[in-house]
């Protein structure tokens, strides 16, 4: 196969090949020396060298020195995945004055040494991949990255503490933010909590000021009760469609006086209050909680007489002096532009009905930890008093850890926050009710600043800590003392004896799970997620808030279980990444767009319907296809479709791929 | 559909009434069955402890016999297995054959040398599974002539019917038996000991342990106001019923309560005679109280 | 029981490092390695209160190679095979299977608790199947008490009589027709343990 | 190719950049070892995979080909994977006509998080091809003007 001789090939290839040991990561399963000697024999190879760490500065300098000394015009590095270090080596190549696209990488770590048991077989595989890369790079051409201007606004999806913190950080830098929240108010889970560990400061006291800052910030547009329904475009220039659900109340008029709520035809509240986890009731017209932001009421169309039955005295509308209530409000679909997107969609708590042994839903006084957060909250259903469903005070309380965590039947992972919030709840329960509190844990995990000290404090307070996973919460009594109580069956593993502990109240420390619609959200934004539904970061250590999709960043628990300090830190990081991209003003696009060789094109139009971005048109005068480079995203589908080979893709030319195929197969 | 019937050793001995009542009930419901010819011991619990591979061989012979006997019909072979222990062992053997390629080859070789072959075409079903998921509760209602109105039944499933291989019911809180008996008019107990172990063979070997396990179950059922306990396993029935006198002596507390097979209750509701249902074999006599007629 | 002066330390040299692997091969799965010692098995077990070591401890000891303690333990013989632990275990450790494997190994080595009724019953069961292809509960119980505690037999005879008179006790053992086939089959299986257990 | 006992299949894999290539990286990061017979060629999208690449691989000595793309609905480029699926079905017909066992060419949707699936699929394919033995093409189609020679190959295979 010959190169197409358009002057971009830089003369006959003089190739430098560099094989990386990656410490012992590669060298343990690949005989690097043998691969290096093998590469020397390949056509066009002038230099072949091995080095401990190619990505290190001396490694990169080695390449640059050779380019100058040996007049190299093609570089191959066999090391880790190109998704890891392709950019590093392209830069190294460019720094020596060579076009960065005269570079090709062979992945002999992730695809060879880490997945192959036998060193000889690993070495063979590495040789094949190096041969493929060498043959491919011979046909590489000089290319330029295209620059595209970046839209300066940022979209943040989710108004929990992560979204709030990211929004404020960006807005404070002077950039504009659109914050979209699905619920009628921002605040997320944190707004439901009573106290925060380990300092025990009140969640509302530290959160609500930030919520009102969001509301009042000139650079923040807050759309609550809204969802993103479509995303187009790419890094720097996203077009986003937001659907605003009707709340049947004019947001601009409502002042949050709540007179409408008092005057609703429902004199008694009878709908389960979502914010209080169903522990109290609300009316069809309601405000989730007193500090809700925006402080605007909302009408639930399912239970409102007017909206569900079409018949009501509409006393609420009468009561409103601002005439804010509008039963004819319709869903609104709005299109906005943004340069970067931060996903902060949070988590949901595990539903303990999935573990019937723990009696949730069967025994009245088995609560989830989130319910208890509301129960101990001064603005909660009982005004902060710890009472059971029948109004009595519990004398003994069991807190069961790891419910829906570390369990192969539900979630394999550790939810990370439960140990600490269980300690917090244990403290609060003891303080408020003076009951005996038993913590049942598998392992106590307190790795955070001040966390172990908090555990010490609980131990001092006389809370019982029983190391053992509870098998069952039941009500069959064996002794008189157990009659009428719930009995926790557990092995006290430190003592080595099964125990039965009668209690009045059981708190299930439920784990954190991905949002049920995480899969839809991830498709919408083109990011990937783990099997459990957590969004996947670009790199677990070095790019923890970026995603595989440029311009989309992650903050908070949507990426994995996280406590508040970590969430806020990550939100700040995501904001900084988004700002870095926007302040740069442009993004560089990988030059892998498709083009048409007009000489060859017969104008058959096969490619036109194949393009998902309608980037291809037919020039009726010349009778050939024309690709709009600005619209092309570089998938190459048109190239694979073209019957004559006129359509080609930069970086992935047919002939380059054929060379690679031949290389990996016939390398010896 | 004709089911192949695998009674197991116990249903020919202490569990005779289970065998009799189940067959009578199925006849009344029009469920055809045919006993597997020359079946052998399933290889249950006690055998498993001595020699696992041979236990699987025992189970496999039964499966192979069933397959050979059932295949000519050209339909899938379904083996009805009323005894909990047999049900578990047959399922366990199937699972082993599916998952363990090496074990499978070994067994296949052994079967072959005995002139047998098993291709894995048998599905093992418990009668409760058939009643609920094949016949349906409506069919049961239809056949009910003496509804068990007002009879408070504690359904006791035992361990091995739901754990660990069966999939037809919830492992923690099974409901199939409750549904069957409720369809026939009975009131069933919501209680937490439905699947707690009765002691198994321990009532024979270490009576002080085995009896206590049974005692706990009986006491709880009684405390919750049950008129009768319904079981689905010959060993459970035996343990719960036959040692009640000994329990009174051992624990100083009377826990006299009738313990029957669920199929016997079904038979009563369907108007079958006591003889047909083997009611005379009970140690603690049971009659559907007049009030519930 | 605790005895004064008995050494309470385990030296590495006393452990069998291959023990866990042997168990894994015997059960056909390595789930035992996943155990996090949470104790769910022991707390859900209806009989753990009668065991010398709770199932959790037995797993811990097995994993660390406490060969003698594990094989001499009563725990697997108390196990009633109710599978609660297997079903409830959050790490899907096949505990019941492990108990079976330990029982087989103990019998194989002849170190199971002597005169303890459970292994006696198991062996009796084994022999009956070999002889007849089926078991006979009456004989099983009779043999069991004769070989362990004949006095109990008298105590149990009341139940036996009742069973007999209600027609629930077959005195004559049932025998399958093709017992030769069954014996051929059992012989063909490369049995583990059983072959030596009836010495 | 040497005798069947020592036969080690050579397999070329075309993985899309966004899902399957990333998944294969994850397999590595998770240290899930698999058969070393596969050589991965990265493309941006499974939609870029020209059926001729697959034929070229078989012609150049591959005993099997694996194609990996994003799950339906997950394609980074909206629907490139559907386009590949359509081509794949046509290709299988053609391979059948050529007398090539269709188990040699496998299409799999593997998401970025499914590192374990890469391991499973590669192993399965390698084992299958090990059993099938080396690929013997009836006629070697010529690299250039492939269309015409493929037709003749087809005709000969049918003859």
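A few remarks follow.
- Against the empirical curve 2.2 N^0.38 Å, the C-alpha radius of gyration of segment C:12-109 lands at a ratio of 0.96.
- Size check on segment A:555-642: the Cα extents along the three principal axes, sorted descending, read 62, 27, 16 Å.
- For segment A:594-649, the equivalent ellipsoid built from the Cα gyration tensor has semi-axes of 15, 12, 10 Å, listed from largest to smallest.
- Cα shape, segment B:2-127, gyration tensor, a/c 1.5 rule: oblate
- Expressed to the nearest 5 percent, the antiparallel share of DSSP beta bridges inside the protein assembly as shown is 35 percent.
- The C-alpha atoms of chain C define a longest principal axis, and helix C:150-165 lies at about 50 degrees to it.
- Highest mobility in the GNM of chain B, judged by mean-square fluctuation with C-alpha springs under 10 Å and restricted to B:17, B:55, B:110, is found for B:110.
- Helical contribution to [θ] at 222 nm, DSSP H n ≥ 4, -39,500 (n - 2.57), averaged over chain B, rounded to 500: -13000 deg cm²/dmol
- Centroid-to-centroid separation of segment A:520-576 and segment C:7-84 [C-alpha atoms, Å]: 42
- Relative frequency of Cα-Cα separations exceeding 23 Å in segment B:72-212, percent: 50
- Burial ordering of A:517, D:50, fewest other beta-carbon atoms within 10 Å first: A:517, D:50
- Proportion of all alpha-carbon pairs of chain C beyond 29 Å (%): 36
- Judged by the ratio a/c of the largest to the smallest principal axis of the C-alpha gyration tensor, segment A:383-516 counts as rounded, that ratio being less than 1.5.
- Computing Rg and the Kirkwood Rh from the Cα coordinates of segment C:117-188 gives a ratio, Rg/Rh, of 1.05.
- Prolate/oblate/rounded label for segment A:379-440 (Cα gyration tensor, a/c 1.5): prolate
- Relative contact order of segment A:594-649, defined on C-alpha pairs under 8 angstrom at six or more residues apart (%): 48
- Ordering A:392, C:42, B:123 from the fewest to the most neighbouring beta carbons within 10 Å gives A:392, B:123, C:42.
- Remark on chain B: ratio of C-alpha radius of gyration to 2.2 N^0.38 Å is 1.00.
- For segment A:95-124 and segment B:1-61, distance of Cα centres in Å: 61
- Over segment B:155-249, relative contact order from alpha-carbon pairs under 8 Å, at least 6 apart, %: 32
- Fraction of the pair-distance distribution of the protein assembly as shown above 59 Å, Cα-Cα pairs, percent: 31
- Cα-based helix-to-principal-axis angle, A:418-433 vs chain A, degrees rounded to 10: 10
- With N the number of residues in chain A, Rg(Cα) / (2.2 N^0.38 Å) evaluates to 1.19.
- Mean-position separation - Cα centroids, segment A:218-274 and segment B:198-268, in angstrom: 60
- If you run the Gaussian network model on chain B, springs between alpha carbon atoms under 10 Å, then out of B:128, B:90, B:137 the most flexible one is B:137.
- Taking the inverse of the mean 1/r over every pair of distinct Cα atoms in segment B:141-279 gives a Kirkwood hydrodynamic radius of 15.3 Å.
- Taking packing as the residue-averaged number of other Cβ atoms within 10 angstrom, the listed peptides C:121-127, A:58-64 run from highest to lowest as C:121-127, A:58-64.
- Mean separation of Cα contacts under 8 Å (6+ apart) over length of chain C, as relative contact order %: 18
- Full-stretch length increase - residue A:237, residue A:393 - with 0.36 nm per residue and alpha-carbon distance subtracted: 50.4 nm
- Degrees, to the nearest 10: A:203-216 long Cα axis against longest axis of chain A: 60
- GNM top mover of C:73, C:31, C:166 - chain C, alpha-carbon springs below 10 Å: C:166
- Fewest-first sequence of A:465, A:193 by Cβ atoms within 10 Å of each Cβ: A:465, A:193
Each reported figure results from applying straightforward, stated rules to the coordinates on display, with no laboratory input. These numbers come from a predicted model, not from an experiment. Here the Cβ is made from the backbone with ideal geometry for all residues, glycine too, and neighbour counts use every protein chain on show.
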